[in-house]
Every structure is written in structure tokens, then in C-alpha cells.
Amino acid sequence: MTILVIGGTGPTGHFIVRGLKKKGHTVTILHSGRHEIPETPDGVEHIHADAFSVDSLKSALEGKTFDLCISMYGRLRRIAELMVGKVNRFLSIGGVPAYRGLMNPALFQPHGLPVPTCEEAPLVQYMEEDEKGWRIVQTEEVVFQYHPNATHFRYPFVYGPYQLVPREWCIVRRILDNRPHIILPESGLTLCTFGFSENLAHAVLLAVEMPDKSSGQIYNCGDEEVLSLRKVVEIIASALNHEWEIVSMPWELAVPARPLMMQPLPTHRVLSISKIQRELGY
């Protein structure tokens with residue numbers, strides 16, 4: 001197949017591009033050109049354009065068609081519209097804030113998402129509930145409006161090479177400073193699904209190879225094992241041969257731990273990945 005990857009140099013992109021090349025596909029990546037990376041395999045065509053500019057995209061893709069587009073970066077709504085007639089199939093990457101309560105757990109009583117959260121869980125319904133989540137839901141709807149046979153992935157927080165916001169740095173920095181303590185809210189028992197970049201790329205590659213099963217579907221993806229915040233802290237400390245005391249504090253008082261949590265309450269955020277395991281063998 002001829003495949004256009006919009007993005008391709010970020011945390012999951014280079015794993016996807018390499019996987020596609022190994023399968024024998026002809027791959028083109030469209031990106032800004034500011035972040036060329038050594039992991040990009042030979043034989044990949046590069047188109048340099050601004051994925052956030054419709055005019056730039058139109059100019060760069062004029063006269064070009066592909067069997068498949070994997071959109072990982074840029075203005076997804078406009079990209080989906082622009083690709084009508086240029087591709088036979090469309091895969092897109094979005095985020096889990098589409099779920100009602102992920103960014104605003106107080107929308108549920110008692111507070112917090114259903115655990116685990118499956119693809120059929122309630123989505124953000126109104127902008128007033130959560131503006132970011134509402135916009136993500138609207139974008140998903142636009143994708144399927146233009147490409148009814150699309151496959152869409154709801155990514156959790158991504159970690160691995162080239163990650164944009166390395167959550168682990170908050171922990172590593174304290175270890176490098178030889179801190180004897182680290183504060184965690186509620187003993188650090190909060191569970192949150194994360195996704196190692198190569199694992200998430202694996203999910204996308206499975207969908208590429210199984211169009212009959214994945215067309216028209218939305219999938220959660222992430223790591224199979226969900227670690228508590230405390231386990232993450234303990235694993236990193238062990239890897240860096242550091243011993244310290246984990247100090248538990250009530251959520252209201254554990255202010256230094258807020259950058260580690262990245263959410264308004266210490267409730268769980270656990271995604272169900274049973275659908276992609278069952279249907280695609282993830």
C-alpha cells in the first residue's frame with residue numbers, strides 16, 4: 001500500500017513508520033521538517049508542510065493520492081476533510097479526554113470515571129462540562145462524517161522516546177538532588193493507564209493490517225499493566241539505586257505531588273483495552 005503518515009517523527013510515529021516499511025508498504029511522512037530523527041528508515045519520502053495550515057496541506061498534497069492516511073498530528077478535522085477523495089482509508093489518533101469525567105471527575109457521583117473505562121462509556125456532552133473533552137468528541141464525529149470506514153484511536157498519556165512532557169522527570173529530578181523523601185497523595189495508590197510509545201504504535205499497525213475488522217471502529221489503547229503512582233516511583237528509584245521514604249499525605253495537602261498526578265482529584269483513570277485485544281489481538 002501507499003501510506004501517508006501525517007506526523008511520523010514523534011513518540012509513536014517513528015515506530016509506526018518503521019513497522020510499515022518492514023511490512024513492505026510505500027511510506028510518505030508529512031511533517032514540518034524541524035525535527036528530523038535518525039530512527040526514520042531509508043526509503044521514506046518526506047513532505048515538509050504545516051499540518052496546522054489548510055493552505056499548506058493543500059499545496060503540499062496537490063495531485064497526490066494514497067491508499068491510506070494515518071493522521072497523528074495537526075488539525076485533525078481539517079485533515080479529515082482534505083483527505084476525502086485522496087485516500088481509500090483513514091486512521092486517526094485522538095485522546096482519552098473525550099470520556100466524560102476524565103478531566104472533570106466531579107461529573108460523576110461519587111467522583112471518578114467508571115473503572116475500567118470502555119469505548120462505550122459516556123462522552124463529554126456539553127462544552128460547559130469540559131471544553132477540551134467536548135472539542136475532542138466533536139473532532140471524532142467529524143472524522144467519521146468524512147470517513148465512515150475510519151479507525152480512530154484514543155491514546156492515553158504517552159511515554160517513551162521523544163515524549164513531549166516527561167512525567168518521570170519530577171521523580172528523577174528529586175533523585176538526582178538526593179532527596180530523602182517524596183510526597184505522594186493518598187499513599188500513591190491512584191491507578192492511571194499510560195501507553196509506552198512502541199505499544200501504541202503496535203495497536204495502529206494491527207489496524208492497518210486488519211481493515212475488515214478495524215474499519216469504522218474506535219479503540220482505546222495503552223499498556224496492559226496499569227501501575228499505581230507509588231509503583232512508578234518505586235520502579236524509578238530502584239533503577240537509579242536510590243532509597244527514600246514515601247510520605248503519604250491527604251490529597252488536599254499533597255500540593256508538591258500535583259505535577260505527578262496531572263489531574264484534579266486522585267481518582268483512577270483506567271482504560272479497558274479488551275476490545276482491541278479481542279478484535280485485533282493486541
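The values are calculated or read from the model by the stated rules, or taken from the named source; none is laboratory data. This structure is a prediction, so every number in the text was calculated from the model and none was measured. When we count neighbours, we look across all protein chains shown, and the Cβ atoms used for this are built from the backbone with ideal geometry, even at glycine. SASA here: full protein model, heavy atoms, side chains in, ligands and nucleic acids out. Shrake-Rupley method; radii C 1.70, N 1.55, O 1.52, S 1.80 Å.
Within the accessible surface of the chain, defined with a 1.4 Å probe on protein heavy atoms only, the carbon and sulfur portion equals 53 percent. The label-point distance for GLN125 and SER228, in a model that sets each label 7 Å from Cα toward Cβ, rounds to 3.4 nm. Taking all protein chains into account, the per residue accessible area for the chain stands at 48 Å² (1.4 Å probe). Karplus-derived 3J(HN,Hα) values for the range 182-195, using 6.51 cos²θ - 1.76 cosθ + 1.60 with θ = phi - 60°, are 9, 8, 10, x, 6, 6, x, 8, 5, 9, 8, 6, 10, x Hz; glycine and proline are entered as x.
Among residues other than LEU189 with Cβ under 10 Å from its Cβ, the summed charge is +1 (Lys and Arg +1, Asp and Glu -1). Here the range 216-249 and the range 183-207 have alpha carbon centers that stand 8 Å from each other.
For the range 116-123, the Karplus equation 6.51 cos²θ - 1.76 cosθ + 1.60, evaluated at θ = phi - 60°, returns couplings of x, 8, 9, 4, 8, 5, x, 9 Hz by residue, with Gly and Pro reported as x.
Would you mind classifying the range 141-282 by shape? Square roots of the alpha carbon gyration tensor eigenvalues, ordered a ≥ b ≥ c; an a/c under 1.5 is rounded, otherwise it is prolate if a/b is larger than b/c and oblate if not. Prolate. Positive contributions from Lys and Arg (+1) and negative ones from Asp and Glu (-1), summed over other residues with Cβ under 13 Å from the Cβ of ALA51, come out at +3. Neighbours of PHE157, meaning other residues whose beta-carbon lies under 13 angstrom from its beta-carbon, give a summed charge of +1 when Lys and Arg score +1 and Asp and Glu score -1. Along its principal axes, the range 112-167 has C-alpha extents of 34, 29, 22 angstrom, given from the largest down.
Does the range 216-267 come out rounded, prolate or oblate by the C-alpha gyration tensor, with a ≥ b ≥ c the root eigenvalues, rounded set by a/c under 1.5 and, if not, prolate when a/b is larger than b/c and oblate if not? In terms of gyration-tensor shape, oblate.
Value of Rg to Rh for the chain, rounded to two decimals, is 0.99; Kirkwood radius and Rg both from alpha-carbon coordinates. According to the Kirkwood relation over distinct C-alpha pairs, the hydrodynamic radius of the range 47-146 is 15.1 Å. TRP244 contributes about 40 Å² of solvent-accessible surface, heavy atoms of the protein only, 1.4 Å probe. Amide H contacts under 5 Å for LEU271: THR117, THR193, restricted to partners 5 or more places along the chain or on a different chain, H placed in the peptide plane at 1.01 Å from N.
Out of every Cα-Cα pair that the range 159-242 contains, those further apart than 23 angstrom amount to 38 percent. Each Lys and Arg contributes +1 and each Asp and Glu -1, all at the Cβ; summed about the Cα centre of the chain, the dipole is approximately 300 debye.
What shape does the range 74-220 have by the C-alpha gyration tensor, where a ≥ b ≥ c are the square roots of the eigenvalues, rounded means a/c under 1.5, and otherwise prolate means a/b greater than b/c and oblate the rest?
Prolate is the answer for the range 74-220, as a/c is 1.5 or above and a/b outweighs b/c.
The H on the amide N of LEU227, modeled in the peptide plane, is under 5 Å from the matching H of CYS192, PHE194, each at least 5 residues off or on a different chain.
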